[in-house]
Amino acid sequence: MNHIPCSEYPRPQMRRNSYLCLNGEWDFSIHGEKRNENGKVIVPFSIESKLGGSREALKPDETLIMERDFELLDDFNVGRVLLHFDAVDGQCKIWINDSLIGESECGYLPIVLDITNVLKKKNHICLVIHDASDTGSQLRGKQSLHPKGIWYSAQSGIWQSVWLESVFEDYIESLKITPYFDEKSVEIFVKTNTSGLVCITCGQKSIEGESNSAIRLYLDDMHPWTPQDPYLYDFTVTFKKDHVASYFGMRKFGVMKDEEGVMRLFLNNHPYFQSGLLDQGYNSEGLMSWKDDQMMIDDIQLAKSMGFNMLRKHIKIEPLRWYYHCDRLGMLVWQDMVNGGCPYNLLTISSPLITNKSFKDSHYRLFGRKDEHQRNMFIEQLKGMIDHLYNCVSISMWVIFNEGWGQFDSAKALQLVQKWDPTRTIDPASGWHDQQIGDFKSWHVYFKPYKFKKDGLGRCVILSEFGGYQWSFEKGKKSFGYKRMESQKELEENLIQLYEQQIIPAKKLGLAACVYTQLSDVESEVNGLISYDRKTIKVSAEVMKKLNERLKDDEK
């Protein structure tokens, strides 16, 4: 195979010259009581996706084995060799040359392994994977072995890039970048595996400091980052022989009162209405995997052309390149944590939609959270997500729980996230099961007209999901949405009415943000503004842009 899919450098905010992509053709086999199958799969696409072979979903009692050989050029290894799996769905054990070198039970976060001590001239990678999907308590997102409605096809195995890099014996492990907008400075924490002097160069300015401690860089004539002007500063870090390139943006997120005393979302010390789309990050060819970089770019640019300034990344953690494109193109991101917990009680997750009544999330049984180990793993992986995405300029909000899916102890989770990242806003419980904490009253409204209500606690009011208008091209095929339309004309007319009669007036009363459901169709859920295969735009970009223009705040 000559073409290597998704071969762009996968970590844009910490780039090295050393890079070997291991995407492409891998061997796989499936072993179970009712199935024994083997063949080839193209990584980073799961075996269940069209690009990966459209195979039947891996069952909880089956084992998936993925393997390939690789060789390194003689001059590749300069000291240590690190193996990266950017995401592997399911519990997995990783073997190199018959040595067990790592294990993981999180299907959405990267795995990084030092494989130096087991390397040979010719090398063999083997992953042994089990995936409980929606029968287990682990993070699983919207995957289901019985997909329908808002739950989608399960997938297993490698679904993001696999790659190698070589580092010197003394090397930079990570960067933590924190903009201090009001002080016109940026703090860069350079974590290294040994101590020593680091040099940071940004433009014509260089500054030295000790590794494993914060270094402050002050900016002359600071250039703010906004969706309208997504200005990024490039910089480099040198530690002994190691050298990495990165970037940052100067922006500030917050919740404050505007001149009329209304709680609003602020960007760079000014009220900034965030008009967004729910973005599941699924597509018809790759499921959760992107066919290529351009597909990510096209989605983001389409949303921008429609006048949206925010995407709510819903129950999925994307490859770092997706966030990079949001950073450079200018698209705010609300980042959801991936949900877990035992199979959900329909009454628990659905009744608040009708009754507006919330349950206390200390009742673990109600929310499928009796398993203490999995509760602890959720918190650990929540921290992992925030650490992983902390440097992404565009992320303005963390969303911890959604609609009670595996929700528990959200007050404690909120305190932890505030400690881990005080620079962003946080929605602890999107939709319902509000525990009357935090800065937001976060509404989901689908089956009735939205009427703005002030929050009794004085919190900022956001409409974090609404709309979901359905228009399906395939007549007679069972599909899901919240209000059925029969034509593009009817869909556009209803969208205009929805925004003009409900959303635009609500903004004037105090609504601070809104998230329309959704950017694209996903399988049988056909309430997207574009089709699942991205071939058809269902709503004129100009129609949406005119509506979003009326939601914009005056630019400062």
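The values are calculated or read from the model by the stated rules, or taken from the named source; none is laboratory data. Computed from a predicted model, the values in this text were never measured in an experiment. Neighbour counts are summed over all protein chains in view; Cβ atoms, including those assigned to glycine, are modelled from backbone coordinates with ideal geometry.
Here the condition is being touching a helix residue (DSSP H, G or I) at 6+ places or on another chain (Cβ under 9 Å) and within 26 Å of ASP114 (Cβ to Cβ); of LEU145, LEU127, LEU164, LEU139, it holds for LEU139 alone.
Restrict the check to the stretch 401-421 and report whether at least one residue is of a type in the set (Phe, Trp, Tyr) and touching a strand residue (DSSP E or B) at 6+ places or on another chain (Cβ under 6 Å). Yes: one or more hits.
What tally of residues in the stretch 389-426 results from selecting those that are more than 22 Å from PHE181 (Cα to Cα) and either part of a loop (DSSP other than H, G, I, E, B) or touching a residue at least 24 places away in the same chain (Cβ under 8 Å) (or both)? Of the residues in that region, 16 qualify. The number of residues in the stretch 539-556 being in a loop (DSSP other than H, G, I, E, B) and at pLDDT 95 or above comes to 4. As a summary of the residue check, ASN402 satisfies the conditions (1) of a type in the set (S, T, N, Q); (2) surrounded by fewer than 16 Cβ atoms within 10 Å (Cβ to Cβ); (3) within 30 Å of MET256 (Cβ to Cβ) except for the one numbered (2). For the stretch 319-333, the set of residues classified as among the charged types (D, E, K, R) and surrounded by 23 or more Cβ atoms within 10 Å (Cβ to Cβ) consists of ASP327 only.
You will find that of GLY281, GLY276, the residue that is of a type outside the set (A, V, I, L, M), under 19 Å from GLN335 (Cβ atoms) and touching a His at 6+ places or on another chain (Cβ under 9 Å) is GLY281 and no other. For the stretch 22-40, the tally of residues that are under 30 Å from LYS241 (Cβ atoms) and surrounded by fewer than 19 Cβ atoms within 10 Å (Cβ to Cβ) stands at 0. The residue of the stretch 104-134 that is surrounded by the most Cβ atoms within 10 Å (Cβ to Cβ), among those that are under 24 Å from PRO319 (Cβ atoms) and either free of Cβ contacts under 8 Å to residues at least 12 places away in the same chain or among the polar types (S, T, N, Q) (or both), is SER133. Taking the condition touching a strand residue (DSSP E or B) at 6+ places or on another chain (Cβ under 9 Å), among the small types (Gly, Ala, Ser), buried (at least 23 other Cβ atoms within 10 Å of the Cβ) and farther than 27 Å from ALA513 by Cα, does SER289 pass? So SER289 fits the description; yes.
Of the residues in the stretch 453-466, at least one is more than 21 Å from ASN548 (Cβ to Cβ), of a type in the set (A, V, I, L, M, F, W, C) and at pLDDT 95 or above.
Within the stretch 245-280, the set of residues being in a loop (DSSP other than H, G, I, E, B) and out of contact with any Leu (no Cβ under 9 Å at 6 or more places or on another chain) comprises ASP258, GLU259, GLU260, GLY261, ASN268, ASN269. Scanning the stretch 93-103 for residues that are in contact with a His (Cβ under 8 Å, 6 or more places away or on another chain) and surrounded by 20 or more Cβ atoms within 10 Å (Cβ to Cβ) yields a single hit, ILE96.
Evaluation of SER46 against the conditions (1) in contact with a Leu (Cβ under 9 Å, 6 or more places away or on another chain); (2) over 24 Å from GLU103 (Cα atoms); (3) among the hydroxyl-bearing types (Ser, Thr, Tyr) shows that the sole unmet condition is (2).
Counting only residues that are over 30 Å from TYR272 (Cβ atoms) and touching a residue at least 60 places away in the same chain (Cβ under 8 Å), the stretch 198-228 holds 0 of them. Residues in the stretch 476-520 that are under 14 Å from PHE308 (Cβ atoms) and assigned to a helix (DSSP H, G or I): LEU495, TYR499, ILE503. Just so you know, in the stretch 173-204 the residues that are within 15 Å of ALA245 (Cβ to Cβ) and more than 25 Å from the chain's Cα centre (by Cα) include one that is surrounded by the fewest Cβ atoms within 10 Å (Cβ to Cβ), and it is GLY203. Restricting the stretch 217-240 to residues that are among the charged types (D, E, K, R) and not in a strand (DSSP E or B), the residue that is surrounded by the fewest Cβ atoms within 10 Å (Cβ to Cβ) is ASP221.
Mind listing whichever residues of the stretch 427-441 are touching a residue at least 60 places away in the same chain (Cβ under 8 Å) and in contact with a helix residue (DSSP H, G or I) (Cβ under 7 Å, 6 or more places away or on another chain)? The answer is ALA429, TRP432, HIS433, GLN435. Taking the listed residues ILE349, ILE354, the one that is modelled with pLDDT under 95 and either buried (at least 17 other Cβ atoms within 10 Å of the Cβ) or in contact with a helix residue (DSSP H, G or I) (Cβ under 9 Å, 6 or more places away or on another chain) (or both) is ILE349, with no other qualifying.
For the stretch 237-287, a tally of residues being at positive phi and of a type in the set (A, V, I, L, M) returns 1. Total residues in the stretch 478-516 satisfying the condition of being more than 30 Å from GLY458 (Cα to Cα), in contact (Cβ under 8 Å) with a residue 40 or more places away in the chain and either exposed (fewer than 13 other Cβ atoms within 10 Å of the Cβ) or outside the structural domain of VAL445 (by TED's automatic domain parsing) (or both): the figure is 1. Of the residues making up the stretch 358-387, those that are over 13 Å from CYS106 (Cα atoms) and either in contact with a helix residue (DSSP H, G or I) (Cβ under 7 Å, 6 or more places away or on another chain) or among the polar types (S, T, N, Q) (or both) are SER358, PHE359, ASP361, SER362, LEU366, PHE367, ARG369, ILE386.
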